[in-house]
Amino acid sequence: PGVSAEFSPDYKGFGLIRISAATSPDKLPDFYAAVERIIKDLQTSLISSDELKRAREPMIEHAKQARDNNGWWLGVLLGKLYVTGTEETAFTDIADYNSVTPEMIRALAREYLQSSSAIRISVVPSKDAVDNAGKRVGQN
């Protein structure tokens, strides 16, 4: 499973949040139900300090390790060409992660995680699909 976000550099307030998982087609209703439960919980309850710590620490570690990678530095330099202020904000990610509070997460979930604006896309095998061994994997 995974969650990612992309924000438009050109249009303020536009972007997407992607929630994904690889599962069998018969488990898709369970997946969507679990996503809805998690979203509702994020909108109505505050996450614990332990949950926040467990979410935050890998992100901070990744940010620290990224600075040792030429790709990160290239991104900063290219970003400077396209987005004003990139060089000033390039090093604020760790401080930004540390500034996040459970209240902020709840407020953001209420604002951005709305079922009414969600688009559900499921990629499932056709009824004629077969795996590498020639075994039928498609739906009947």
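The values are calculated or read from the model by the stated rules, or taken from the named source; none is laboratory data. The shown structure was predicted, so the numbers you read here are calculated from the model rather than taken from an experiment. All Cβ positions, even for glycine, are placed from backbone atoms using ideal geometry, and neighbour counts span all protein chains on display. When the accessible area is computed, the model is the full protein with side chains, heavy atoms only, and any ligands, DNA or RNA have been set aside. Shrake-Rupley method; radii C 1.70, N 1.55, O 1.52, S 1.80 Å.
Worth a mention:
- Considering only residues in region 1-22 that are small (Gly, Ala, Ser) and part of a loop (DSSP other than H, G, I, E, B), the one that is nearest to the chain's Cα centre (by Cα) turns out to be ALA21.
- Pairs where the first residue, in region 63-82, is farther than 13 Å from ILE94 by Cβ and the second is open to solvent by 100 Å² or more (accessible area, probe 1.4 Å), C-beta under 8 Å, 6+ apart: TYR82/PRO9
- Filter pass, SER4 being farther than 18 Å from TYR97 by Cα and open to solvent by less than 50 Å² (accessible area, probe 1.4 Å): no
- Looking across region 23-46 at every residue that is in contact (Cβ under 8 Å) with a residue 12 or more places away in the chain and in a loop (DSSP other than H, G, I, E, B), the one that is least open to solvent (accessible area, probe 1.4 Å) is identified as SER45.
- Complete set of residues in region 8-22 that are out of contact with any Gly (no Cβ under 9 Å at 6 or more places or on another chain) and free of Cβ contacts under 8 Å to residues at least 40 places away in the same chain: ASP10, TYR11, LYS12, GLY13, PHE14, GLY15, LEU16, ALA22
- Residues satisfying the stated conditions in region 84-107, i.e. over 22 Å from the mean Cα position of the chain (by Cα) and of a type outside the set (Ser, Thr, Tyr): GLY85, GLU87, GLU88
- Residues of region 96-140 that are open to solvent by 80 Å² or more (accessible area, probe 1.4 Å), within 19 Å of ILE17 (Cα to Cα) and either in contact with a Phe, Trp or Tyr (Cβ under 8 Å, 6 or more places away or on another chain) or part of a loop (DSSP other than H, G, I, E, B) (or both): ILE119, ARG120, ILE121, VAL123.
- Verdict on LEU52 being open to solvent by 70 Å² or more (accessible area, probe 1.4 Å) and either farther than 16 Å from ALA5 by Cα or in a helix (DSSP H, G or I) (or both): no
- Residues of region 85-95 that are in a helix (DSSP H, G or I) and open to solvent by 70 Å² or more (accessible area, probe 1.4 Å): GLU87, GLU88, THR89.
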